[in-house]
Amino acid sequence: MRNKNMTHRTILRRVFSVILLILSLYIIILGVIELPPYGAPDNPVHNYVAQRYIEDALEDTGVLNMVTAIIVDYRAYDTLIETTVLFTAIMAVMITLKKDPSKN
Amino acid sequence: MILGTGDLIMMIFFAILIIIALCVTFVQDLLYVVIIFGVYSLIMALLWLHLNSPDLAITEAAAGIGVTTLMITLIRRTVRREN
Amino acid sequence: MLDFVLKSVVTVLIPFIQMFGLYVIFHGALSPGGSFAGGMILGLGFIALNVVFGLEKGQEKFSDEMAGFLVSLGPIWYGSIGLVGILRGANFLVNKDSGLPMGEPGTLISGGMISLITLGIGIKVASTIVTLFNALTEEE
């Protein structure tokens with residue numbers, strides 16, 4: 001893998017990719033620093049939306065598992081479109097890969 | 001900020017994840033890469049379980065360990081890495 | 001794939017895998033899990049059958065026509081359950097106002113349309129994975 005006689009193009013390409021990696025790492029770290037601490041009670045996640053789901057989910061849907069209540073009941077449109085996305089993906093795969101049985 | 005036992009476990013998990021991600025880049029044999037990637041999903045499922053989200057843990061275990069490993073193994077048969 | 005040990009082990013394991021997948025699907029309203037994870041486990045059972053016993057044996061159990069039919073059935077089933085709400089004079093995809101029996105929370109049949117939708121998505125995901133696997137394998 002590591003030859004002694006690497007061309008200048010290869011060295012330049014590697015230096016350029018390392019610089020790109022460091023730049024993107026810097027940007028990611030800049031974003032992560034802004035995040036609130038994990039598990040703190042006054043995070044912006046803990047607002048009235050989560051409060052309402054936790055209090056009313058059992059009464060609204062009659063389902064113990066709150067994740068299922070949100071996926072299938074509160075966000076039913078999302079899941080419907082997600083199912084359609086799966087259907088479209090499998091249709092594309094079938095069109096691309098499936099052999100024509102009439103040719104054999 | 002005081003670190004508890006849970007934070008320590010999470011840090012160990014994250015360290016293992018980073019090591020596995022580096023291994024995926026540097027290991028030559030593609031079959032080993034697929035297996036290491038399955039281990040990544042396993043550690044990720046344990047991490048989800050530790051973060052109190054068993055739904056995601058089950059989905060990660062089924063999708064990451066089962067389906068992704070299988071599909072990449074299938075695709076690997078058609079790909080050859082140079083050198 | 002003529003290994004005797006592999007065939008024996010998979011023959012014993014497949015019913016348990018399928019049973020666990022169906023358990024995760026049907027208990028999606030009660031315990032962690034749900035339709036997508038359960039459907040994937042159910043599909044992995046069929047894929048294990050395909051890998052070990054060959055595609056012909058797998059086609060006997062779960063043919064491509066059946067898989068294509070079930071893939072198409074999933075969204076249709078979901079949408080028609082959503083239409084029940086419109087028939088009862090409420091919005092599309094409502095649960096509580098649609099008139100389906102809500103049951104008692106904590107029992108297996110509860111939550112109105114949620115169990116039905118979960119079953120539909122689970123079958124759809126399972127057949128999707130099996131179809132994907134068969135399409136990728138026949139490429140050779």
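Readers should treat all values here as calculations from the given coordinates under stated rules, not as data from a laboratory. The structure presented is a predicted model; accordingly, all values stated were derived computationally and were not measured. Positions of Cβ are backbone-derived with ideal geometry, glycine not excepted, and every protein chain shown enters the neighbour counts.
The distance separating the Cα centre of the stretch C:1-49 from that of the stretch A:31-62 comes to 34 Å. Can you give the net charge of the other residues whose Cβ lies under 12 Å from the Cβ of B:L51, counting K and R as +1 and D and E as -1? Every neighbour counted, the sum reads -3. With the simple model of a label 7 Å out from the Cα in the direction of the Cβ, B:N52 to B:M10 spans 1.1 nm. The order of A:L12, C:L42, going from fewest to most other C-beta atoms within 10 Å of their C-beta, is A:L12, C:L42. Amide H contacts for A:L64 (H built 1.01 Å from N in the peptide plane; partners 5 or more residues away or on another chain; cut-off under 5 Å): C:G106.
All C-alpha to C-alpha distances of the stretch B:29-83, sorted into 10 Å bins beginning at zero, yield P(r) values of 26, 43, 22, 8, 1 percent in whole numbers. May I ask you to derive the FRET efficiency for A:M66 and C:M66 from their Cβ-Cβ distance with R0 = 35 Å, giving the value to the nearest 0.05? Using R0 = 35 Å, I get an efficiency of 0.50. Label reach from C:E138 (point 7 Å along Cα→C-beta): in the stretch A:72-101, amide nitrogens under 12 Å belong to A:94-101.
Ranked by the mean number of other Cβ atoms within 10 Å of their residues, highest first, the peptides A:41-50, B:62-71 come out as B:62-71, A:41-50. Hey, how much of the P(r) for chain C falls beyond 20 Å, as a percent of Cα pairs? The calculated P(r) of chain C puts 54 percent of pairs beyond 20 Å. In this simple spin-label model, placing a label point 7 Å from the Cα along the Cα-to-Cβ direction at both C:T107 and C:S80 gives a separation of 2.6 nm.
Its residues counted as N, the stretch A:41-86 yields a C-alpha radius of gyration over 2.2 N^0.38 Å of 1.33. Legend: residue pairs A:K98/C:K7; C:K61/C:K124; A:K99/C:K124, Cα-Cα distance threshold 19 Å; pairs beyond threshold, A:K98/C:K7; A:K99/C:K124. Rg and Dmax over the alpha-carbon atoms of the protein assembly as shown stand at 23.5, 77 Å. Here the alpha carbons of chain A define both size measures, Rg and Dmax, at 25.4, 72 Å.
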